[in-house]
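S.K.: Before I ask anything, let me first share the structure, which is written out below as structure tokens.
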Amino acid sequence: ADPALVEIVGIAGLDAAFIDMDHSTLTTQVVEGLIRAAELVGITPIVRVPDHNPKTILQLLDAGAQGIQAPHVQTAEEARELVKAVRYEPLGERGAAGSSRAAGYGSVPWAEHVKRSNEEILLLAMCEDRKGIENLDAIAAVDGVDVVIVAPTDLSESLGLRGNFDALRKVYQDVAARLRRIGKAKLSVPLGHPSMPFNARELKAMGVVYASVHPPMAARVIRSFKEEVARIRKELE
């Protein structure tokens, strides 16, 4: 919940900050501060929402989120409802408020704000369980879905492939081929995820356009402290 961490992500040279409201207790007000920090260092704030509630999505978009990442998208109908929540008319049904932070508190001409929002805001649909993978073709074909994220932890659990890297790799290769065939939504896969540890070269070969980088912030801090404690204790032996 510390904006300084988002600044550090940008200063380190990464392109985006992944702000997670799904597996966290972050509130909308806190997330708005994290979005500001991302903008300060010129990186893209992408927020994983806790649910598909259009009101939650609207609040985050009005706060300035530049990407909405929706968990557990299982059907094309769910994807279409997400498009409605993220896009303004005529592409969707997003609520309009010219006084929002995203619209510069009224300083940005409304037509310009609508045009840029519909063109530039990312909608990322997470297909992370069996039903989502079964309906992947239909989800990826929905107009307004920019990226399909195939998340390895939930997917491996749903398919009964925990620890079976070879079988899970084949699932990913199949997904990549299906998305190329459809030719609309692009693919996102995490980099270095312990449930399926792809490296950057492998992701590029699959056609991945966006990857979150593991481990997450808390794990990085824990790892650093453990290494430091081990070094100090060894010096004192």
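The values are calculated or read from the model by the stated rules, or taken from the named source; none is laboratory data. Quick caveat: nothing in here was measured; it's all calculated off a predicted structure. Note that we place each Cβ from the backbone using ideal geometry, even for glycine, and neighbour counts take in every protein chain shown. Note: accessible area is taken over every heavy atom of the protein model, side chains too, but ligands, DNA and RNA are not part of it. Shrake-Rupley method; radii C 1.70, N 1.55, O 1.52, S 1.80 Å.
S.K.: What are the residues whose amide H is under 5 Å from the amide H of G67, where those residues sit 5 or more places off or on another chain and H is modelled from the backbone?
M.R.: For G67, the qualifying residues are V47, L122.
S.K.: If you build the Cα gyration tensor of the range 147-237 and take the root of 5 times each eigenvalue, what three semi-axes come out, in whole angstrom, biggest first?
M.R.: 34, 15, 10
S.K.: For the range 71-79, in order, what is each residue's ³J(HN,Hα) by Karplus, 6.51 cos²θ - 1.76 cosθ + 1.60 with θ = phi - 60°, in whole Hz (x at glycine and Pro)?
M.R.: Using θ = phi - 60°, the values come out as x, 6, 7, 10, 9, 5, 5, 4, 5 Hz.
S.K.: Kirkwood Rh and Cα-based Rg: tell me the resulting Rg over Rh for the chain, rounded to two decimals.
M.R.: 1.00
S.K.: Given 10 Å bins starting at zero, what is the percent of C-alpha pairs of the range 31-157 in each, up to the one with the largest pair distance?
M.R.: Going from the shortest bin to the longest, the percentages are 13, 44, 31, 10, 1.
S.K.: Determine, for the chain, the count of lysine pairs separated by eight or more sequence positions (or lying on different chains) whose alpha-carbon distance falls under 28 Å.
M.R.: Taking the chain as the scope, the lysine pair count is 21.
S.K.: In Å², what does the accessible area per residue of the chain work out to with a 1.4 Å probe?
M.R.: It amounts to 53 Å² per residue over the chain.
S.K.: Please report the spacing between the Cα centers of the range 119-147 and the range 67-97 in Å, no decimals.
M.R.: Cα centres, the range 119-147 to the range 67-97: 11 Å.
S.K.: Would you calculate the separation in nanometres between label points at R178 and A200, each defined as 7 Å from the Cα along the Cα-to-beta-carbon direction?
M.R.: 2.9
S.K.: Now for a different question. Ignoring everything but the protein chains, give the 1.4 Å probe accessible area of R101 in square angstrom, nearest 10.
M.R.: 40
S.K.: Going by amide H atoms built from the backbone, whose H comes under 5 Å of the H on I149, apart from near neighbours?
M.R.: Under 5 Å from the amide H of I149: A125, M126, C127, S188.
S.K.: Could you check how much of the accessible area of the range 1-80 is carbon and sulfur, as a whole percent, using a 1.4 Å probe?
M.R.: Ligands and nucleic acids excluded, carbon and sulfur give 54 percent.
S.K.: Carbon-plus-sulfur fraction of the accessible area of the range 94-237, 1.4 Å probe, in percent?
M.R.: Summing carbon and sulfur atoms, their accessible area is 55 percent of the total for the range 94-237.
S.K.: Could I ask something else about it? Would you grab the residues whose amide H sits under 5 Å from the one on G144? Only those 5+ places off in sequence or on another chain, please, with H modelled 1.01 Å from N.
M.R.: Correct list: empty.
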